[in-house]
Amino acid sequence: MQLKSQLLVAAAVVAGSVHLAQAHVFIWGVFVNGVDQGTFNGIRTPAYNGPPPRGYSNSPVKDLDSIDLRCNILGDKQVPHTIKVAPGDNITLDWHHNNRTVADDVIDFSHHGPAMVYLSPDPPAENSFVKIWEKGLYELGSAAFSPGKWATTSDIKANKGLMNFRVPAGLKAGFYLVRAEMVGLHEADARFDTVPWRGAQFYPNCVQIEVVGDGDVELPSGVSFPGAYKYSDPGVHYNIYCSTEVAPKLPCTDASTYQIPGPTVWSGAWPETTQVPLGPVSGETTATRWSSWIQQSVVTTATFVGTSPVVVATSTYKASWSATYAAPTPTA
Ligand SMILES: *[C@@H]1O[C@H](CO)[C@@H](O)[C@H](O)[C@H]1NC(C)=O
Ligand SMILES: *[C@@H]1O[C@H](CO)[C@@H](O)[C@H](O)[C@H]1NC(C)=O
């Protein structure tokens with residue numbers, strides 16, 4: 001009943017906010033070697049950014065100095081499941097928007113941009129996020145103002161939300177956070193620090209994994225979130241409509257290349273990822289589990305009595321990352 005109530009809250013929140021143009025793409029499920037681990041299991045689902053008319057608009061994250069750039073809003077909160085994986089496993093992240101179905105639009109068609117996957121020990125420390133996969137602009141557009149092919153739209157959206165990476169060979173056993181990210185560059189010709197109503201839109205989402213086995217490869221030092229990206233980075237402040245073979249009539253300085261934000265991919269990561277065949281989805285597909293939302297940093301949690309939402313608690317949210325790993329309590 002608890003879950004049902006939460007789903008009803010979510011349905012009400014979603015139904016009331018369909019007019020919002022933001023994409024709110026996030027991870028709904030994780031497949032390990034093609035086997036679904038169960039909808040939302042192990043995933044630190046970002047809080048919805050407020051019931052209608054409009055809440056705390058930090059999903060997407062645009063402030064590069066915000067702690068929310070690490071794992072999105074509420075990304076500091078551990079979830080009960082941790083997904084067990086082994087080095088060499090093929091992981092498929094299942095990104096969606098409104099529901100976990102093939103009919104879902106995943107991300108708005110305008111949100112062209114790169115996609116990345118980072119890995120960090122959990123909990124993260126200074127400079128602990130290591131990039132293990134990335135994809136950006138991979139085919140130029142053929143006409144003026146056509147943006148070309150991008151990871152978020154031409155790859156992940158076109159492939160029904162699927163993003164693939166592989167657990168690094170020989171990776172030492174332990175708890176890790178996967179920080180996967182989609183970036184919408186449709187307004188990235190402006191910088192958020194000077195034009196706060198526009199700028200690049202970051203959709204980070206984290207997954208808790210436990211690597212098992214007797215590997216002895218340690219992650220090298222990496223980057224910090226926040227910290228890894230700057231407003232002046234060529235891959236953050238970028239006009240996607242310059243990426244065409246036919247030069248558009250805009251002042252473009254970067255017509256043919258795109259430099260993905262952040263560090264280079266670690267040499268210990270797999271050079272290639274493959275889409276392995278996927279088994280059936282296990283768990284909820286048509287509603288989110290959101291039971292709380294954030295407005296002006298106030299988290300509201302609601303339950304349902306009949307068809308009416310009843311607020312059970314409010315609290316002020318300030319991300320607080322633990323420095324020590326606390327084994328999550330698995331739910332049955
Ligand atoms: C992962 O995919 C690769 C390429 O298809 C395959 O060779 C490998 O055996 C897969 N790994 C596992 C653990 O299934
Ligand atoms: C899922 O969401 C898409 C829009 O993203 C919508 O077209 C489709 O009807 C929805 N399906 C279900 C089962 O709710």
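The values are calculated or read from the model by the stated rules, or taken from the named source; none is laboratory data. Remember, it's a predicted structure, so these values are computed and weren't measured experimentally. We work out accessible area using only protein heavy atoms, side chains counted, and drop any ligands, DNA or RNA first. Shrake-Rupley method; radii C 1.70, N 1.55, O 1.52, S 1.80 Å.
Pairs with C-alpha atoms separated by more than 29 Å, drawn from the list Lys77/Lys149; Lys77/Lys230; Lys84/Lys131; Lys160/Lys318; Lys157/Lys318; Lys230/Lys318, are Lys77/Lys149; Lys160/Lys318; Lys157/Lys318. By a 1.4 Å probe calculation restricted to protein chains, Lys84 has an accessible surface near 130 Å², given to the nearest 10.
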